[in-house]
Amino acid sequence: MTTFVFGHKSPDTDSTASAIVWAWHLGRTGETAEARLLGEPNTEAAFVLEHWGFERPALLDHLEPGQKVVIVDTNNIAELPETINDADIRAIIDHHKLVPGLETRGPIDVTIRPLACTATILWDLMGEEAAAAAPEGIKGLALSCILSDTLAFRSPTTTPRDRALAERLAGELGVDIPGYSSKMFAAKSDVSRFSAAELLRMDSKEYTVDGVDFRVSVLETVSPEAILARKAELVAAMPKVALEDGAQYVLLFVVDILREEATMLVPDDLSRTVAEKTFGVRVEGDTVVLPGIMSRKKQIIPALKVR
């Protein structure tokens, strides 16, 4: 049976490309494996696939009971197919905090490491022999994952291991990191064709804080003004997106990659309370700028407070 390798819903660069990298590695070891996606990749991920010559992995519309799977870049059941616990989960490889919900048929390999990027973990798990055998495209995908998740080393999640691997891969590929990452971020920032609801779901995760169910959305961009110009549209879409997705509220953070700050939309009293109690700021309008806030995983989710 073919093993499906996939990451989370609303796939970003790390979730998309890490699935391809690990499927390649499994194939190299003699296992039949294919990457899958749980949704359309974001614009940056689509750019990365095209740049390195990869077709978009097929969408996984239905997961049969007993299907062999490897999960990368998440261990959150809310970000996976509804029938995931009926599948034969063979491994989980991730860099997020451990959350409850997943069940397996027996003991499996679980690797969760405090690194900025899943692809960095994959590279370490593969070992030097496999890394040396990796074709340029696979190396390019891994490099892209690291640059995306670290925001080209600007994010506080960046570790020395992430940076060292990225610089090594860039050297082997002859890639100029500032130039290439600028192209990636420009692709990520082009969101003009997406509806407000699509933007709110594009890079979002579901979390419960103090009994309140949130969809926490982050839009990383080098053109924050283009997104903030659609503030009224985004605010109007928030209640509907929350209702349709089984959440109570949507929180939206627009991360300015170049200024290294986030702007949080504050459309209601609860959002204002969350902003003030979480970040220690005083909110006077319908947005608040949060200097230095760039990482949902390290700076936003762990700090969220409602009371």
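The values are calculated or read from the model by the stated rules, or taken from the named source; none is laboratory data. What you are looking at is a predicted structure, and each value in this text was computed from that prediction instead of being measured. Cβ placement follows ideal geometry from the backbone for every residue including glycine, while neighbour counts extend to all protein chains displayed.
Number of residues in segment 106-137 that are outside any helix (DSSP H, G or I) and either touching a Gly at 6+ places or on another chain (Cβ under 6 Å) or of a type outside the set (A, V, I, L, M) (or both) equals 8. In segment 56-78, the residues that are farther than 17 Å from Thr16 by Cβ reach residues that are at pLDDT 95 or above and assigned to a strand (DSSP E or B) with C-beta atoms within less than 6 angstrom, at least six apart or across chains, in these pairs: Gly66/Asp88; Lys68/Thr3; Lys68/Asp88; Lys68/Arg90; Asn75/Ile92; Asn75/Asp94. Taken over segment 122-139, the criterion of being in contact with a Leu (Cβ under 7 Å, 6 or more places away or on another chain) and surrounded by fewer than 24 Cβ atoms within 10 Å (Cβ to Cβ) is satisfied by Glu136, Lys139. Taking the residues in segment 39-70 that are among the aliphatic types (A, V, I, L, M) and touching a Ser or Thr at 6+ places or on another chain (Cβ under 8 Å) as candidates, determine which candidate is farthest from Arg90 (Cα to Cα). For segment 39-70, the residue satisfying everything is Val48.
Scoring Glu233 on the criteria (1) at pLDDT 95 or above; (2) touching a Lys or Arg at 6+ places or on another chain (Cβ under 6 Å) leaves a single failure, condition (2).
Picking from residues in segment 201-237 that are assigned to a strand (DSSP E or B) and charged (D, E, K, R), the one that is surrounded by the most Cβ atoms within 10 Å (Cβ to Cβ) is Glu220. Considering only residues that are among the acidic types (Asp, Glu) and touching a helix residue (DSSP H, G or I) at 6+ places or on another chain (Cβ under 6 Å), look in segment 13-51 and name the one that is surrounded by the most Cβ atoms within 10 Å (Cβ to Cβ). Here the residue is Asp14.
Within the option set Ala78, Ala33, Ala58, being modelled with pLDDT under 95 and farther than 18 Å from Ser144 by Cα holds for one residue only, Ala78. Summed over segment 144-200, residues that are on the phi > 0 side of the Ramachandran plot and surrounded by 15 or more Cβ atoms within 10 Å (Cβ to Cβ) total 3.
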